[in-house]
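First up is the structure itself, then whatever we jot down about it.
Taken together, the values in this text are just the output of simple stated rules run on the coordinates, not laboratory data. Quick caveat, the model's predicted, so the values are computed rather than measured. A quick note on method: Cβ atoms are made from the backbone with ideal geometry, for glycine too, and the neighbour counts reach across all protein chains shown.
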Amino acid sequence: MAGQSVVPILVSARERILDREAYDTADGSKLDAEPQVVVAAA
């Protein structure tokens, strides 16, 4: 799985289209966090 995400990063970096600021500041916590479920009162 990790290799599938590495190739696009390498290609975009080589082609100079990688948003370096977004890449450098990204963290995995958004993917790891439990979703917030909001239940509307009836």
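In this simple spin-label approximation, E15 and A41 carry label points 7 Å from Cα along the Cα→Cβ vector, and these lie 5.2 nm apart. Between S5 and T25, what's the calculated FRET efficiency when r is the beta-carbon distance and R0 is 25 Å? Round to 0.05. In this case the efficiency is close to 0.90.
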